[in-house]
Structure formats: structure tokens, C-alpha cells
Amino acid sequence: MLARHATFDGHAAAVHGDTDGMTAGRWGFISKKYTADTTRDLRVLRGVPVLLTLAGHDVHVDTAGTERTYHRILGGGSALTVERYPDATHSLLKRSIEQSDARITLTGLFSPRSLFAAGFLDNQRQFLNELGRGTGGTS
């Protein structure tokens, strides 16, 4: 259906209304991005410190395929660091928080650092500190 440039309504009709959580907005995003190939862009990053963050509950990205591609293109001995967050969503928020608008709002107001998956902010800080010291690339 994507190859035929079907609309969300066409998709919904084809699956008899059972869109399994797919929204019109998500369908539009996928329709624009499903043929995107960033491998050329990745090749330019060889030797540049790269932090790949992967969420365990990412509905937008094939995280296993993404990690394989990064390793294949950036190669062994590169400056690639991979961090995995099993309880995170695509936005790197804790899944339990992202599932509730009220939790997002209250946590954002009263404990904003608690929004993110465990270790995410610390790992970001560590990666940047290592860049400042001229080290990096621990896969």
C-alpha cells in the first residue's frame, strides 16, 4: 500500500477499520520516510564520534536493523558508541510515562529529568565529556 501511495483512509479500508493503533499522522510519516536511505549520510561520519541511542519500545524505527547498519557502515574500530534503553520509547521517554498525557505533564513540571529512560541523560553527559577529553568510541 505504501508503494502505491495509499492514503490512511485507503489503508483503513483495506484492513476493514482495524488499524491496530496506526493513526493518520503516523501513516503520513511512514509514507514519507519508508524509502529513506541514510547510508550515504552515515558514510560521511566515519571516524566522527557517533552516539547511537536505541529504544526498546520504538514503534518508528527497526532498532536491530539500525544498529546492524551503523556497525556495517561505520565499521569496527570506529568512533561508534551504542546505548540501548529497553524501557524507552522512540522519544527516549520512559514507556510508562509516555503512555499517559497526565504523567508526561506532571512529571515534566515536577521532575523533568525523570521523564527519560534510566541512564539516558547520564549517558549523554558521559559521551559529551569523553568528547571534551578527546576519547570515545566504546561500542
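Summary of computed values
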{"item": "Top-ranked residue of the stretch 27-45 - restricted to ones that are charged (D, E, K, R) and at pLDDT 80 or above, ranked as nearest to TYR70 (Cα to Cα)", "result": "ARG43"}
{"item": "Residue check for THR19: open to solvent by less than 70 Å² (accessible area, probe 1.4 Å), touching a helix residue (DSSP H, G or I) at 6+ places or on another chain (Cβ under 8 Å) and at pLDDT 85 or above", "result": "no"}
{"item": "Where THR105 falls short, out of the listed (1) free of Cβ contacts under 8 Å to residues at least 12 places away in the same chain; (2) under 17 Å from the mean Cα position of the chain (by Cα)", "result": "(2)"}
{"item": "Helices (runs of 4 or more DSSP H) wholly inside the stretch 33-139 containing at least 3 residues that are closer than 30 Å to LEU2 by Cβ and open to solvent by 50 Å² or more (accessible area, probe 1.4 Å)", "result": "39-44, 63-74"}
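The values are calculated or read from the model by the stated rules, or taken from the named source; none is laboratory data. Note that this is a predicted model, so its numbers are computed, not measured. No Cβ is skipped: glycine too gets one built from the backbone with ideal geometry, and neighbour counts run over all protein chains shown. Keep in mind that these areas ignore ligands, DNA and RNA; they rest on the heavy atoms of the full protein, side chains included. Shrake-Rupley method; radii C 1.70, N 1.55, O 1.52, S 1.80 Å.
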